[in-house]
1. So which GluC sites (Glu not before Pro) in region 54-156 pass both tests, a DSSP loop state and at most 12 other Cβ atoms within 10 Å of the Cβ?
2. Mind checking the angle between helix 146-155 and the chain's longest principal axis? C-alpha axes, 0 to 90 degrees, to the nearest 10.
3. For the chain, take the longest principal axis of its alpha carbons; what is the angle in degrees between that and the long axis of helix 78-96, to the nearest 10 within 0 to 90?
4. Ignoring ligands, DNA and RNA, what percent of the 1.4 Å accessible area of the chain is carbon and sulfur?
5. Grab the beta carbon distance between Q20 and I144, set R0 = 30 Å, and tell me the FRET efficiency rounded to 0.05.
6. Taking every DSSP beta bridge with both residues inside region 6-155, roughly what % is antiparallel (nearest 5)?
7. Give me the distance between the Cα centres of region 61-85 and region 94-160, rounded to whole Å.
8. Work out the FRET efficiency for Q27 and S131 from their Cβ-Cβ distance, taking R0 = 30 Å, and round it to the nearest 0.05.
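The values are calculated or read from the model by the stated rules, or taken from the named source; none is laboratory data. These figures come from a predicted structure and were not determined experimentally. Note that we place each Cβ from the backbone using ideal geometry, even for glycine, and neighbour counts take in every protein chain shown. Only protein heavy atoms, including side chains, enter the accessible area calculation; ligands, DNA and RNA are left aside. Shrake-Rupley method; radii C 1.70, N 1.55, O 1.52, S 1.80 Å.
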Amino acid sequence: MELSIKINRELPEGTFKFKQVFSGFEQVEIVRKIFGDNTEKVLDNLYVIIEESRGYLYVDDTLGAIVVNKDYLKKGKDEYLYLDVIHELVHIKQFMDGKELFDTNYSYVDRPTEIEAYRITVQEAKRIGLSEKQIADYLKVEWISEEDWKKLMKNSGLKS
Ligand SMILES: [Zn+2]
């Protein structure tokens, strides 16, 4: 897969400008679609916090920053990290629009903010050439059950 983006994988823990960690995303069509004319401005003002926490990436909904696990940043697959960043950028847009990111009235796989993020991410995964099988593997994360995984694929617009 050829991606026009660059990931700076060797950074230590700390707070960085988005572009210091993930560069070239402002050129990605789907990112420009998410943020429109504000793309440059949003990405210029976005921060990434590198932590030795559990997990992969998430949006801190008090700071409006992307948090990434240091080890995952170092070792995660290119395609997965790329898609994760797209996913989190959808959440950043939702955060900017004042949406509740972690609405506990919904389960993870039924939460509207997650469904929107996964739908866009799955579209982008197809565009960069991942097969349905590869996308299904990408969506198989350890914190959801087999049943929820199937639901997530359906909700994301992926054929089972
Ligand atoms: Zn999410």
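1. Sites meeting the loop and neighbour criteria: E142.
2. Rounded to the nearest ten degrees, it is 70.
3. 80 degrees
4. Its accessible area is 47 percent carbon and sulfur atoms.
5. Numbers: r = 32 Å, r/R0 = 1.05.
The formula returns an efficiency of 0.45 here.
6. Within region 6-155, antiparallel bridges account for around 70 percent of the total.
7. Measuring centre to centre over Cα atoms gives 16 Å.
8. Working: r = 25 Å, r/R0 = 0.83.
After rounding to 0.05, the efficiency reads 0.75.
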